[in-house]
Amino acid sequence: MEYHRNSNGLVTFLEHWWFLSVAVIALLTSQLLAFLTGPRWVWSYAVALVVAAVGVSLIFYAEIPLFQQRRFFTFGSGALPEGRRRFYRWGYRCVIFAVALLLCLLLSRP
C-alpha cells in the first residue's frame, strides 16, 4: 500500500491548527505575565540582563576575526569563519530570548 501526502509542513499545520496554536501561546503568555508580579520580576530582570550579556559576548567573540581584518560593519554569519558561526548564532538566540523576557516584564502588572 502506498500513501502519498501532499504536505507543506508548517503551512499545512497552520491551516488546520492555527487557532489552537494561538490559544496555547496566549495562555502561556498570560501565565508568564501573571508569574512576573511581585519580587520575581527583579530576578527575571537580572536573568534577562545576564542572558543578554552572554549573548553580546558570544557575538563579540564570533566577530573578533572580522575586527582583526578591520571589517566592522558586517551582518550575518556568512563572513565569519566556519568555526565561529555557531557562537554567532547562539549569541543572537540569547539576545532574542533576553529581549522577549524584557518585553514580558514590560507587559506584566506592576
**Q.** Sole residue being surrounded by 15 or more Cβ atoms within 10 Å (Cβ to Cβ), modelled with pLDDT of 80 or more, hydrophobic (A, V, I, L, M, F, W, C) and in contact with a Lys or Arg (Cβ under 8 Å, 6 or more places away or on another chain), chosen from 48, 62, 98
**A.** 62
Q. What are the residues in the stretch 76-92 that are part of a helix (DSSP H, G or I) and exposed (fewer than 13 other Cβ atoms within 10 Å of the Cβ), if any?
A. 82, 83
Q) Are there any pairs, at least 6 apart or on different chains, whose C-beta atoms fall under 9 Å, with the first in the stretch 40-60 and in a helix (DSSP H, G or I) and the second among the hydroxyl-bearing types (Ser, Thr, Tyr), and if so, which? A) 41/108; 44/108; 55/92; 58/88; 58/92; 59/88; 59/92
Q) Looking at (1) of a type in the set (A, V, I, L, M, F, W, C); (2) in a loop (DSSP other than H, G, I, E, B); (3) in contact (Cβ under 8 Å) with a residue 12 or more places away in the chain, can you tell me which one residue 73 breaks? A) (3)
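The values are calculated or read from the model by the stated rules, or taken from the named source; none is laboratory data. From a predicted model like this one, the values you see are computed outputs, not experimental measurements. Don't worry about glycine lacking a Cβ; one is built from the backbone with ideal geometry, like all the others, and counts go over all protein chains shown.
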